[in-house]
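Some notes on the structure that comes next.
Bear in mind that the values in this text are calculations on the coordinates, not laboratory data. This one's a predicted model, so the numbers in the text were calculated from it and none came from an experiment. We place every Cβ from the backbone using ideal geometry, glycine too, and count neighbours over all the protein chains shown.
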Amino acid sequence: MIKFSDLNLDKKVLKAVEETGYETPTPIQAGAIPPALEGRDVLGIAQTGTGKTASFTLPMITALKRGRARARMPRSLVLAPTRELAAQVAENFDAYAKYTKLTKALLIGGVSFKEQDKLIDRGVDVLIATPGRLLDHFERGKLILSDVKIMVVDEADRMLDMGFIPDIERIFGLTPFTRQTLFFSATMAPEIERITNTFLSNPAKIEVARAATTSENIKQGVVMFKGGAKNAAEKQKLLRDLIASEGDECRNGIIFCNRKIDVDAVAKSMTKAGLDASPIHGDLDQSHRMRTLDGFRDGTLRFLVASDVAARGLDIPNVSHVFNYDVPSHAEDYVHRIGRTGRAGKKGTTIMICTPRDEKNFDDIERLVEMKIPRMDVHGVRADDAPKADPIDAKEAPKAEAPTADTTSEDKPKRTRSRGGRGRKKPDAPKQDDVTEPTTDTPVTDAPKTEAPKTEAPKTDEPKVENKPQRERSQRGGRNRGGRDNQQDRGAKIIGMGDDAPTFISKSFEERYES
């Protein structure tokens, strides 16, 4: 059996490794460390939880033991897709390089540029960064990559999913052609294979497990939940019942959701139910995310509700369960999610909830892992309860609509009566009575229009005398405000124009009438 002492590592590195409690390397470490120490490019393909971080950190520390970094010119570069993974690599570097004088800098978002600039100005041997923040420093003129001797790309398939491939290609162009490249990934997508063919020179390929395989130490299961997207409360209850069904075996766990809004909702529902849970996703402050991870690592937090920000590369030991609240959109993400449990040869359990709209993605997962995931059921939990809510709602809907139809039909006649009684017709009480009594006689509503000028003629004799000067003024170009005289004289011409007709309209009608 190969031991770390057989891998030609530096003595100070071996001493640090022994203090961590490791004696024998994992298959990926045993295959990648020897060619890396020889200065060859390495292409490592292995599932998560197999010790890929140490497979490039240990040979890097050994290779950099001689030499000194200059200001703003790091000697090695490690690229990670997420802040958490970059911070984890930095922790491993501190643990393995504590007996050396090598320096490091961590460049991630959510941290002040000034503190990072101070470290870069002093000169660092190892620069650990996310692609976005690294390019930010470079564009600000604070970083020079022409002295990079070793470049590491960790979790390359995650880089592809997050859209970092253009940034990776640009960073490759900023580093020397003579650099040594260590490239690690859990899966080999065609785009990643293209990059390795372009930027790696005759790499030593180490594939310790078939790409996208799951560990045999992980017990898998799926619950087919018949509810839809509107049954969030029932789905959350199903999750809590699954946790309760595992009993004491569920010491802690990570619950993965596809959307950040679901992360917050699930964490809130679990907290209300008395389960110690906290959310973690990309929208949270970096300091808050680190405190949450630290609490989960040291056992003060039992459940971590996370988006895929915690799915890749995070080394969280002793995770007993992983619950997939949502079926991941990409089949490869399933491999990385469940890889948070069953690490370092330990047993783990993973349970997934699958809704009808997720069945296509679920079929992709089973094709990828080349196995049929066992179907599960929980005592007291019936997945068929959700559809029963739909017919109930359908029956209640017409009952609620029936009174609204009657009220609208009653309102329409009221609106027609109010329109007929507007304006000058309001004081005519007898006419309103006539309208209300014979509701079916339409001539009653027409009578006021034709009889109004004749019956009101004697009543408006006095206004005629008062309005004569106004009519004379209208003929001279003044404004006519009378209206009723003009309607009697020119009823056929002006009917429908209203009492307050503008002067230019009445004038035009007078000219046409005279002609």
Once amide H atoms are built 1.01 Å from N in the peptide plane, which residues 5 or more positions from Glu207, or in another chain, come under 5 Å H to H?
Ile45
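Below 8 Å between Cα atoms, with a sequence gap of 6+, how large is the relative contact order for the range 247-371 in percent? Working shown, then result.
Working: 205 pairs, mean separation 34.6, N = 125.
So the answer I get is 28 percent.
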Using a Förster radius of 56 Å, what is the FRET efficiency between Arg40 and Asp241 based on their Cβ-Cβ separation? Nearest 0.05, please.
0.60
Taking amide hydrogens as modeled 1.01 Å from N in the peptide plane, which residues meet the under 5 Å criterion relative to Lys219, leaving out close sequence neighbours?
Gly348, Thr349, Thr350
From a point 7 Å beyond the Cα of Ser201 in the direction of its Cβ, which residues of the range 13-57 have a backbone N at a distance under 14 Å?
39-42
Between Ser329 and Thr24, what's the calculated FRET efficiency when r is the beta-carbon distance and R0 is 41 Å? Round to 0.05.
0.65
Could you list, in their original order, any pairs among Lys98/Lys118; Lys3/Lys205; Lys260/Lys372; Lys219/Lys272; Lys15/Lys114; Lys15/Lys118 whose Cα atoms are separated by more than 24 Å?
Lys260/Lys372; Lys219/Lys272; Lys15/Lys114; Lys15/Lys118
Label-point separation, Thr100 to Lys360 (7 Å along Cα→Cβ), nm:
4.9
Which one, Thr62, Asn8, Gln47, projects farthest toward the positive side of the charge dipole computed for the range 1-98 from Cβ point charges (K/R +1, D/E -1)?
Thr62
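Counting other beta carbons within 10 Å of each Cβ, put Ser76, Ser278, Ser329 in order, fewest first. Don't skip to the end; give the middle numbers.
On the way: Ser76 26, Ser278 20, Ser329 13.
Sorted ascending by nearby Cβ count, the order is Ser329, Ser278, Ser76.
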Would you kindly state how much longer the chain becomes between Lys114 and Thr271 on full extension, computed as 0.36 nm times their sequence separation minus their alpha carbon distance, in nm to one decimal?
52.7 nm
How far is it, in nm, from the label point at Glu91 to the one at Met290 when both lie 7 Å from their Cα along the line to the Cβ?
1.1
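Which of the chymotrypsin sites (Phe, Trp or Tyr not before Pro) across the range 154-196 are loop residues per DSSP, with 12 or fewer other Cβ within 10 Å?
Numbers: sites: Phe164, Phe172, Phe177, Phe183, Phe184; in loops: Phe164, Phe177.
Of the chymotrypsin sites (Phe, Trp or Tyr not before Pro), the ones in loops of the range 154-196 whose Cβ has at most 12 other Cβ atoms within 10 Å are Phe177.
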Here, Asp248 and Arg122, labelled 7 Å along Cα→Cβ, have an inter-label distance in nm of 4.9
